Structure formats: C-alpha cells, structure tokens
Amino acid sequence: MENIDVLNLFQGIGTMVASGWFLAIARVVLVMIGFLLIYLGWKGILEPMIMIPMGLGMIAINCGTLIMPDGSLGNLFLDPMLTDTDELMNVMQIDFLQPIYTLTFSNGLIACFVFMGIGTLLDVGYLLQRPFVSIFLALCAELGTFLTVPIASAMGLTLKESASVAMVGGADGPMVLFTSLVLAKHLFVPITVVAYLYLGLTYGGYPYLVKLLIPKRLRAIKMTNRKEPKQYGAKVKLAFAVILCAVLCFMFPVASPLFFSLFIGVAVRESGMKHVYDFVSGPLLYGSTFMLGMLLGVLCDAHLLLDPNIIKLLILSVLALLLSGIGGIIGGYVMYFIKKGNYNPVIGIAAVSCVPTTAKVAQKIVSKENPESFILGDALGANISGVITSAIITGVYVSFIPYL
C-alpha cells in the first residue's frame, strides 16, 4: 500500500503549509472575520441579507483553497482576474460561480438590479415636499466623496483610483461598484469588498458619531410645522422621475445604466404596476442583494486581498464615510440655525444615502431622546436626495476624470 500524503489528500490544510505563514495567517483571519460577520448579521447589528452570505463565502473560499493542476493555489468558486476569452469559457464550465460573476457582477448588472430595487423603495414625495433643504443636506453629506479624492491622491493613488475609493463616502454600494469598474478595474475587487464591509458598519458607527457631535438637548428637538407639507400624487412623482432620468442620462451618458435602473424602479412604484412592483421590490432586490453578498464573500480570498494598496483602501474608506457623516451633521446644524432652532440637526446624518438605513438610524436616535419627536419624513427626503446626488457625482467622476 502506497504512503498516503495527508497534506495532498486534505488540501485545505496542505495549502496552509504550502502558502507560507503570512498568507496562512491572512486566511485564518479572514475565516474568523467571516464568522464574525455571520454573527453580527444574525443578531441584526449588520444587514443580514449581505453579511451572512458574505461571511459564509469568506469562510468557504479561504478554507477551500486547493492546489491547481499547474501547481498554483486556487479554488473552484471563481477567478476574478481572468480576461482571456478562451480561458474564461473553460473556467466558466468548472468554477460554479464564475458564470454569475462574469455575466452579472463584473459588468455592473447586479449593481443595476439592486439599484432598480432601491428605486421601488423611494417615495420621491418626501423630496418634493422640501426639495431645497433635502438637496442642501445631501450635498453636505457628500463631503467624504469630495475630500477623499485629494487625500487619496496625496497617499499615492492615481486620480482614477482616488475617485473610485472616494465614492465609498456616498454610502451607495452600486455606485462604488460601477465607478471602480469604469475607472479602476484593477482595484475593483478590493474596493468593492471594502466598501460593502464598511457600508454595513453604518448601522453601528453613525449613532456614536451623532451622539458625539450633537448634544442630547438638540437630539431631542421636536420640530413644529407652520403648515402641513404638500402631498404629491403618483402622476407628479412619475413625471419627476421621468424628467430627472432624461436630464441625467443626457448629461452623463456613461452613468446612464445607473440612472435608468434607479428611476425605472421609481416609475414602477408610481405607475401602479403591482405585479412588477412586487417582483422588483421583492425577488429581484432581495435575490440580487443575497447573490451580491455571496459573491463579495467569495472574493475575499486572502491572496486577492493582500494587494499592497489594501491598507490605504481600508483607511480611505473609513475616512470617506466619516467625513460624509460629519458633513451631513454640519448641514443639519446649518439648517438648525437657519430655522432658528426649529430643526433637528440629527436629520443631517440621513443625507448619507444608504437607503433607508441612515433615515431609520436618525429616527431611532431622536425617538430615544424624545418619543414625541418624529423626523422620519424629513430624514427620508434627505435620504432620497443623497441617493440622487451620489448617482450624479458618479456620473461626473466617470465622465470627466478620464480626461484629467
């Protein structure tokens, strides 16, 4: 009987030895992070629809590394770095997630599906009730999207790379995915993974930022309206979505898939197409989000994430979201002074789009301090404006930065 090579038989263990101590430690750390994401998703601290499949994907990809026929380390999930057409067609018959990645993820389709679903969640009536205040707050909450670009450039990233990571400050995953695909495809995997990890942390991080920067007496402000906000019918909302879609696609054709996806979702919501609405807001949105989380987890392969720029991306992503949160709160303070105290500055944090998470975070914080204070309508107006301004900035970046 031949001697059995245990390390070759159990290649998950064997590749730990063959990969060297640094990569082995990185794989173990990512496995532990995977367990943590699953726990936080299960507890509801982070978004379970993304974090649970993402965590399990991280565990599977880093445990399931094997030795390929050519002697290199690989897996049977997918290879995001393949560009040769013939080789790609062969791999798509072997790696079971490769077709989904190639045909829906790496071309931005899944981001557009998610954005379409987000569109069905947007009641643009909240924006139309207070358009100028909502847009002002949304622009303030893009502080991280703007300031991170020069900071990233100073840290050695190119302008295209800087713009890609700066979009994390817009707190919209599809925008980050789309921008990095167009401007910095070589950093597409680490930027996208880092972005979605940190977007999940807006649940837990922003409440502490609000409590740090806004005192309790201001968080408890109950706003009084001198007149009831005007209610807009479905016809006006549909017309608004169609006109805005046409204008933005005309101005920024490069980002037109994102604009179309968002506003087709709004149009479905407002046009009364119940069966289509149920599909887009249900199976399409949740299915795409779940698959997105699973693919993100599988992309967390240790050797892919050990890019020399990954530490920079980690720091810049946190900084972008932090600056955007601070910008939104500054906008809230500005409105507080303009309204002579009849405005709750916590609403500013909702302008960091991440629909509808930050709006719910704002209402939860305020309700804890004053159960009689209801700011959700104003927060949703700022929230929806944040989505639109993020999409516009995406259009600006992908249209103009290649020429700079």
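Every read-out reported here was derived from the displayed coordinates using simple, explicitly stated rules and does not represent laboratory data. As the structure is a prediction and not an experimental result, all values here were calculated from the model. Every residue, glycine as well, gets a Cβ built from its backbone with ideal geometry; the counts of neighbours run over all protein chains shown.
Under a 10 Å cutoff between Cα atoms, tell me which one of 280, 210, 91 has the largest fluctuation in the Gaussian network model of the chain. Most flexible of the set in this elastic network: 91.
The label-point distance for residue 303 and residue 96, in a model that sets each label 7 Å from Cα toward Cβ, rounds to 2.2 nm. Determine the shape class of segment 1-154: with a ≥ b ≥ c the square roots of the Cα gyration tensor eigenvalues, call it rounded for a/c under 1.5, and otherwise prolate if a/b is greater than b/c, oblate otherwise. Note, shape of segment 1-154 comes out prolate. Label-to-label distance for residue 84 and residue 70 is 0.6 nm, based on points extended 7 Å past Cα in the beta-carbon direction.
Once the chain from residue 400 to residue 247 is taken as fully extended at 0.36 nm per residue, the excess over their C-alpha distance is 53.4 nm. Peptide packing: for 182-191, 51-60, the average count of neighbouring Cβ atoms within 10 Å per residue gives the ranking 51-60, 182-191, highest mean first. Ranked by how many other Cβ atoms sit within 10 Å of their own Cβ, fewest first, the residues 387, 247, 168, 194 fall in the order 247, 194, 387, 168. Calculated on the alpha-carbon coordinates, the convex hull of segment 325-388 measures out at 72 cubic angstrom per residue. Neighbour counts of other Cβ atoms within 10 Å put 123, 378, 84 in the fewest-to-most order 84, 123, 378. Note on the chain: Cα Rg divided by 2.2 N^0.38 Å, N the number of residues, gives 1.04.
Length gained on full extension, residue 290 to residue 21, computed as 0.36 nm times the residue gap minus the Cα-Cα distance: 93.5 nm.
Computed over every Cα-Cα pair of segment 35-96 and binned at 5 Å starting from 0, the pair-distance distribution P(r) comes out as 4, 17, 19, 17, 14, 12, 9, 6, 1 percent.
Each of 300, 262, 244 was scored by the projection of its Cα onto the charge dipole of the chain, and the greatest displacement toward the positive side belongs to 244; charges sit on the C-beta of Lys, Arg, Asp and Glu. Packing, taken as the mean count of other beta carbons within 10 Å per residue, orders the peptides 299-310, 132-143 from highest to lowest as 132-143, 299-310. Using alpha carbons only, the radius of gyration of segment 1-68 set against its Kirkwood radius gives Rg/Rh = 1.15. Per residue of the chain, the DSSP helices (runs of n ≥ 4 H) give a summed -39500 (n - 2.57) that works out to -21000 deg cm²/dmol at 222 nm. Compared with the alpha-carbon gap, the fully stretched path from residue 372 to residue 217 is longer by 54.4 nm at 0.36 nm per residue.
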